[in-house]
Each structure stands twice: as C-alpha cells, then as structure tokens.
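S.K.: One structure coming up, written as structure tokens, with questions to follow.
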Amino acid sequence: MWITVMQTQTIRRYSREQIIIGLRQIMPDWTGSTEPFDADRRIDEHFKTIGFWDDLDLIDLMWRAESFFGFQCPQADWEEFFGCNLKTKDEWEAKAGPRFTFGGLADFIAERVEVVPLEPASVLGKACDAAGAFRAIETVARQLRPGIRAFGPSTPIRRVFIAGRLTTFWNRLRWMTEEALPPLRTTMVTKLRWACCAVGAFMSIVISIFAIVTTIHAEWLGALRGLGAALCAALCTVVIYQLLARADNRLPPGLRTFKDLATAIAKSPAFGRTA
C-alpha cells in the first residue's frame, strides 16, 4: 500500500491555542493550581494570584516546557524572552513586560517545536484522513520512544504505552488536537499503583535509616540485613507496580486500538488546518 502525506496543507507551526492548552496541562502538577488563564494573561500576575510567585524558578519553567513539548532551546533565547539582562524594573516593563504573557510564551515555544502534521495522507492517490492521523501517531510515538517497535492500526494502545509513558503520549496528542481527545481515566488500579509507589518508597527509607543506625553502632550484620530488606522492598515494589501498570486501563471508552485513536484525531478541529 502506498501511503504518503499530502503536501497541499502542510502545517508550518502549531497554533497559539494548541500550545496554551499544553501549558494548562503542565500547571496543575507543577503549581498545584487549576486557575484558568488565557493568552493575554501576564505570567507574573497569574503566579502571584495563585500564590506561586515566590516559588517560581525560571530554570524549572524552561525545563518543564522543553520536556513537555519536546524541544531544546539555547538558554540565551530563554533569557532574552524573560528579559533577564534588563537592569531596571521600568526597562523590564517597557521591553519584556508586553511579551511576558502566556500568549507570548506560547509563540516562543511554537517557533521552536518540531511540528507533526495533522493532515490527510494519500492512499493510492486518494486522500484519507485516518491514514494521515495514524502517520501523526507514529511520528509522536517515535519522538517519545525512539527505539519503539513497529505497530499497526489494529495494535492495542496499551500494548505499546502504559503507565507514565501512556500519560506523556496522551498529553502530547491532547494539546495537538486541542483537547479533542478525552482525558485518561483515574481508575482504582491507578490509585493502587500510586499507593504502591508511596508505600515502597516509605519502606525503603525506613529500612535504610535502620541500616545506617545499626552501622553507627557497629552492628554490621544488622546493617547488612537492613540493606537486604531495603533492596527486597524496592524490588517487590517494582514488580507489583509493573503488574498494576499492565492491568491499569486508563483509556477512555471506545479508544482501544491505534485505529480508534486515529479516527478520533481525524475528527479534531486541528486536523487539516494550516497555521
């Protein structure tokens, strides 16, 4: 089967709205706030409103943006955007303040992110939306997992992506499609998986502290037993976590295979749109 991406509607860059949707996805885990914002909202004013301004680390913001959207940018470009080299508050307000909005940040990111075209593909000379959407899925999958094995439209999504990788993959597609895809579900197994991580980490810390204390008192045999118990606890946690991760079906109803996903993406408002 000959499948090629059609060149008549090449997307040159993501839209401001697509990137802002992605920024909204970042905020809850980072700041603990779901306070809404739009393109015109000043970044500093927003962080002051949610009580995060004093905790804001621009290096952390840079890292989160680059890792979430999948791009790398010289620090000098970030410093220019943030106005780090401006010496006075008045100078900063005049030169950097007007662009220090979520819309300005979205434009900055959009100029640097490699675009995955959401457009029809040509199948034997005929335009096919689902085939184009599947090509986009393949591209995103390879961006996130460079050594990923080939998969087809009928492949179950959870055979390729589970746990944190599924979350990253799904979030990428959600902002690309302007949230045309529903969010992943939080199931009882998901909560058990999170609890498993917390309990395993706690047990490892407690047992490690015990090992350190016994070592201080020159009880080497007790220290070795403590370290062995800590390793066993960590290993058991990893095994249980992996079992729970494979059993955890967080996918929305009706989206089981990559074909289901491609069909949904082909119906999104961002599909086939130039920017």
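S.K.: When the Karplus curve 6.51 cos²θ - 1.76 cosθ + 1.60 is applied with θ = phi - 60°, which whole-Hz ³J(HN,Hα) does each residue of the range 156-163 get, with x for Gly and Pro?
M.R.: Calculated HN-Hα couplings, in order: x, 4, 6, 6, 10, 10, 9, 6 Hz.
S.K.: Once a ≥ b ≥ c are taken as the square roots of the eigenvalues of the Cα gyration tensor of the range 61-147, is the result rounded (a/c under 1.5), prolate (a/b larger than b/c) or oblate (a/b not larger than b/c)?
M.R.: Verdict is prolate for the range 61-147.
S.K.: Suppose every Lys and Arg Cβ carries +1 and every Asp and Glu Cβ carries -1, with no other charges. What dipole size does the chain come out with about its Cα centre, to the nearest 20 debye?
M.R.: So the dipole magnitude of the chain works out to roughly 1520 debye.
S.K.: For the chain, which semi-axes, largest first and in whole Å, follow from the square roots of 5 times the eigenvalues of its Cα gyration tensor?
M.R.: Working through the eigenvalues yields semi-axes of 38, 31, 16 Å.
S.K.: A follow-up question, please. Do any of Lys126/Lys259; Lys191/Lys259; Lys126/Lys267 go past 20 Å between their Cα atoms, and which?
M.R.: Lys191/Lys259
S.K.: Continuing with this model, one more query. Show me the ranking of peptides 109-116, 69-76 by mean Cβ neighbours inside 10 Å, starting with the highest.
M.R.: 109-116, 69-76
S.K.: Multiply the residue separation of Ala127 and Ala76 by 0.36 nm, subtract the distance between their alpha-carbon atoms, and state the gained length in nm to one decimal.
M.R.: Gain in length upon complete extension: 14.1 nm.
S.K.: Suppose only helical runs count, i.e. DSSP H with n ≥ 4. What mean residue ellipticity at 222 nm does that imply for the chain under -39500 (n - 2.57) per run, divided by all residues and rounded to the nearest 500 deg cm²/dmol?
M.R.: Helices in the chain give a 222 nm mean residue ellipticity of -18000 deg cm²/dmol.
S.K.: Follow-up question, since we're still on this one. Picking from Pro153, Val140, Gly97, whose Cα lies most toward the positive end of the charge dipole for the range 1-153 (charges on Cβ: Lys, Arg +1; Asp, Glu -1)?
M.R.: Pro153
S.K.: Still on this structure, I have one more. What number, in percent, do you get for the relative contact order of the chain if the mean sequence gap of Cα pairs under 8 Å and at least 6 apart is divided by its residue count?
M.R.: Computed over the chain, the figure is 27 percent.
S.K.: From the phi angles alone, apply the Karplus equation (6.51, -1.76, 1.60; θ = phi - 60°) to the range 88-100 and give each ³J(HN,Hα) in whole Hz, x where the residue is Gly or Pro.
M.R.: Coupling constants for the range 88-100: 10, 5, 5, 5, 5, 4, 6, 9, 9, x, x, 9, 7 Hz.
Coordinate-derived values only; no laboratory data. From a predicted model like this one, the values you see are computed outputs, not experimental measurements. Because the Cβ atoms are built from the backbone with ideal geometry, glycine has one as well, and the counts that use them run over all protein chains shown.
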